[in-house]
1. Just grab the label-to-label distance for E340 and I144, each label 7 Å out from Cα along the Cβ direction, in nm (one decimal).
2. Go ahead and run the numbers for FRET between E214 and K307, Cβ-Cβ distance against an R0 of 25 Å, rounding to 0.05.
3. If you find the alpha carbon centre of the range 284-334 and of the range 54-79, how far apart are they in angstrom?
4. Using the beta-carbon distance between A322 and R206 and R0 = 45 Å, what value does 1/(1 + (r/R0)^6) give for FRET efficiency, to the nearest 0.05?
5. Using the 2.2 N^0.38 Å rule of thumb for compact globular proteins, work out how the range 91-141 stacks up: its C-alpha Rg over that value, please.
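Just so it is clear, none of the values below were taken in a lab; they were calculated from the coordinates. Quick caveat: nothing in here was measured; it's all calculated off a predicted structure. Counting neighbours? That spans all protein chains shown, and the Cβs are built from the backbone with ideal geometry, glycine included.
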Amino acid sequence: MKIISAKYGKGGKHWMDLIKENNGGGSLWWRDVCCLDRVNEENVGWLSEGFRMKIGDGIATSFWWDDWGGEGCLANKFPRLYSLSTGKEKTCNQMGNLRSGSWEWKLSWRRNLFEWEAEEVADLERMIEGVKITQGWPDKWEWIHEKEGQYSSKSAYHLLRTDQRGHNGSSIFKRTWNTILPSKVSAFNWQLLLDRIPTKVNLLKRGIIKDLEESKCVICKEQEEDSVHLFLRCKLTRWLWVACAKWWGAEAKLDIDISKTFDKFGDWSKEEKTRQGWDCIWSTVVWTVWLARNQKLFQHKEINAGKLFELIQLRSFTRFKAKNDRYVFSLSDWMVNPTECLRGHNAGRTKKKLRLMG
Ligand SMILES: [Zn+2]
């Protein structure tokens, strides 16, 4: 959410406006963001409704579009007044002044108001009269589900988990929660296994895309882009799985659906010890494919399969290095023989290296 407001809240334009105005690629990106918000069908709006703007100096808060009063945004509550406002894009800070220490709202309109419109203005003013704009205190997005108001993917993840009702969500949750991975990657993997990510086919099902032609796979542009195609069947991902299996000295066994493939994924490698490595590889592959797909869609960046494979090696290496001190090995060791690395066979060699350096 911070990224959204930082990137799109600038220049007086609010991201809600941008959703409405954009018709090109950006619009799809926004639709995807909206979709994420609805990703859990029983909890539509779980993400956007989890945030409240705690107002300080009003500089970062859109007067009309942010829910800073806690009762929804003013543009939705007073659409007529919004359409008449001369300050549609203004922040709260720009909609009034401080006079001898107390804040006064200054609302202005494109024309003189009819009587009934003036009554609406009185309603609006009553709603906002208690809000104090305080210089020197920046506005802050607060995540209402944490005491300190601090949003984290982990907290959102927890929220989604505890909100699961009558779904197989929690068992999948347990399997996808992997301490090696950043929680956003685990969260993505979990949503993928529940088929709740905004693939083209899912957007079509939700009526966000209308045209069947628009639902073609972003990567190959040949088949419809559902999760199974994108992550298992597309020629690029098939190639990646085979390359990964070869890298790990295993055999690629792709099933007909994502969950089944994930279920059996541990068996690709026959060793129990390397299971954690496999879990990490699975999530890294699907996450890397998703990022590359999005970059192609939104930034028109071409995909190079070989480079993507190297990226998977690098990302998984970095994750193991960051999270587990017991695994001491270099990137080239990791690329040549990951199973050996996980078995910790390189520990002795690395100690020797360190001794030489010391
Ligand atoms: Zn494809």
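1. In this crude spin-label approximation the distance works out to 5.6 nm.
2. Once rounded, the FRET efficiency stands at 0.35.
3. Spelled out, the Cα-based centre of one part sits 40 Å from the other.
4. Between A322 and R206 the formula returns 0.80.
5. 1.32
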